[in-house]
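Peer 1: Submitted below is the structure of interest, expressed as structure tokens.
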Amino acid sequence: MVKNHIPAPEAVDVPFEVRRGLDALNLTNKVKPGARVAITAGSRGVTDMRAAIATVVDYLKGLGAEPFVAPAMGSHGGATDQGQADMLTHLGITQETVGAPIKSSMATEVIGETSYGQPVVIGRDFVKADHVVVVNRVKPHTSFRGVVESGLCKMLTIGMGKHAGAKLAHSQFYAHGFEQVVREIAGVVMDKVAVLCGVALVEDYREQTAHLAVCGPREFMKTDSEMLQKARRLMGMVPFKNVDLLIVDEMGKNISGSGMDSNVTGRVMNQATPEPTERQFKRIFVRDLTPESEGNALGVGTAEFTTRRLVEKIDLHKTRVNCLTASVPEKGRIPFAYDHDREAISDALSTVGIEDGSQSRVVWIKNTLELGQMLVSQALLAEAADMENVEVVGEVQDMPFDEQGDLPVGLFTR
């Protein structure tokens, strides 16, 4: 076992910081009693999303407004009203937990067009609301690189567009680039929709909120850019290069939008973005799909090997809808599936010319989000011992296969 010591600041008091940020915006002059305010809720498993939304709800009620929560998650949840409401329930966001009704609708309206003549499509619930509060996590995107990536502006562009708007936006990335499309569509949305403010959260590698900002709509781009740089500094990474095999215990939409974060795996698989020039992991073996994914296995195609148990959990419809909406059909391809882990690992290593397992460079992680602990093969121990922020703990042992040839689960703690 090695411990990967990743810098992490003290966790933020989310309710306190949200309230302080909202106070600074002087919303009493903007929000009238009885105003209907839509609050966005995405599909990601963000640790303090529920707390942030609940605080916004309580604050707006104090102004006499009538807040409600609306899913802003593009095509996720099978691109249905009930599917997206169910996804929020699984994330712990319900009327009881946040204090406001959940109103899920896939209905959309065209509110304008970009400078290159493409329509801008946004959810009707956001268009008809008196105000919209955008709540989202800011982090490096799994398929694109730019001054802004995942954050408030992407929520305006993709999440609030529902299935139709998300699909239309993704289809424009090839011709115009991610950042231009986001800037164009976000600009139209801010002109045509009554966006009140945004709450941006940044998590550290422990999934704790490390930074939080509340801003007006004209500050979204600046806030996204500043918070993105903070998020990059807090990301966990696998510190080894030229690895023969990366074993991933679990993938899922609650871990990354791509199931396995491409910032960690180096597998972008998006024709609008070039692959890294060097491949850190020659092969990837992913063992399971999280329950929170509800069968959506977008990203499984970035691995070469998987298990039958993962494949049996795939909801082909949800996966297909998400992959097609994001214009990444490659990420839905099903890798070679095995009944038992030992056989998958043996075949994976043989395909990169490894016959003597003692010489293999193998890294075993829980998922691409929780990288504070990992198991490594003996061939990597000398490198690990020389790394400043890596600590080697425990003794060298054989891989703990059971009688069926499967590895255990639950070896990694938070």
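Peer 1: Under 6 Å by Cβ, and 6 or more places apart or on different chains, what pairs join a residue from segment 187-201 that is in contact (Cβ under 8 Å) with a residue 12 or more places away in the chain with one that is of a type in the set (Ser, Thr, Tyr) and open to solvent by 10 Å² or more (accessible area, probe 1.4 Å)?
Peer 2: Short answer, once both residue conditions are applied: Ala200/Thr223.
Peer 1: Within segment 9-34, track down each residue that is touching a residue at least 12 places away in the same chain (Cβ under 8 Å), open to solvent by less than 80 Å² (accessible area, probe 1.4 Å), more than 15 Å from Leu212 (Cβ to Cβ) and assigned to a loop (DSSP other than H, G, I, E, B).
Peer 2: Val31, Gly34
For every residue, the table says whether it meets (1) farther than 22 Å from Phe281 by Cβ; (2) in contact with a Ser or Thr (Cβ under 9 Å, 6 or more places away or on another chain); (3) among the charged types (D, E, K, R).
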residue	(1), (2), (3)
Leu316	yes, no, no
Lys331	no, yes, yes
Ala348	no, no, no
Gly353	no, no, no
Leu380	no, no, no
Asp386	no, no, yes
Val393	yes, no, no
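Peer 1: Where residues in segment 165-180 are open to solvent by 30 Å² or more (accessible area, probe 1.4 Å) and under 21 Å from Gly299 (Cα atoms), which of them is nearest to the chain's Cα centre (by Cα)?
Peer 2: Lys167
Peer 1: Could you list, in sequence order, all residues of segment 201-236 that are farther than 28 Å from Arg309 by Cβ and in a loop (DSSP other than H, G, I, E, B)?
Peer 2: Listed by number, the residues that qualify are Asp204, Gln208, Gly216, Met235.
Peer 1: Among residues belonging to segment 39-82 that are within 20 Å of Lys162 (Cβ to Cβ), touching a strand residue (DSSP E or B) at 6+ places or on another chain (Cβ under 9 Å) and surrounded by fewer than 24 Cβ atoms within 10 Å (Cβ to Cβ), point out the one that is modelled with the highest pLDDT.
Peer 2: Within segment 39-82, the match that is modelled with the highest pLDDT is Phe68.
Peer 1: Would you call Val127 on the phi < 0 side of the Ramachandran plot and open to solvent by less than 10 Å² (accessible area, probe 1.4 Å)?
Peer 2: It is false that Val127 is on the phi < 0 side of the Ramachandran plot and open to solvent by less than 10 Å² (accessible area, probe 1.4 Å).
Peer 1: Do we have any residue at all in segment 214-230 that's open to solvent by 10 Å² or more (accessible area, probe 1.4 Å), among the hydroxyl-bearing types (Ser, Thr, Tyr) and under 30 Å from Asn26 (Cβ atoms)?
Peer 2: Scanning segment 214-230 turns up at least one residue that is open to solvent by 10 Å² or more (accessible area, probe 1.4 Å), among the hydroxyl-bearing types (Ser, Thr, Tyr) and under 30 Å from Asn26 (Cβ atoms).
Peer 1: Right, something else. Criterion first (part of a helix (DSSP H, G or I), in contact (Cβ under 8 Å) with a residue 24 or more places away in the chain and either farther than 28 Å from Glu203 by Cβ or open to solvent by less than 70 Å² (accessible area, probe 1.4 Å) (or both)) does Glu343 satisfy it?
Peer 2: The answer is yes for Glu343.
Peer 1: Quick one: count up the residues across segment 130-153 that are outside any strand (DSSP E or B), open to solvent by 10 Å² or more (accessible area, probe 1.4 Å) and over 15 Å from Asn263 (Cβ atoms).
Peer 2: 2
The values are calculated or read from the model by the stated rules, or taken from the named source; none is laboratory data. Remember, it's a predicted structure, so these values are computed and weren't measured experimentally. All Cβ positions, even for glycine, are placed from backbone atoms using ideal geometry, and neighbour counts span all protein chains on display. The protein model used for the area step is the full one, side chains on, heavy atoms only, and it has no ligands, DNA or RNA in it. Shrake-Rupley method; radii C 1.70, N 1.55, O 1.52, S 1.80 Å.
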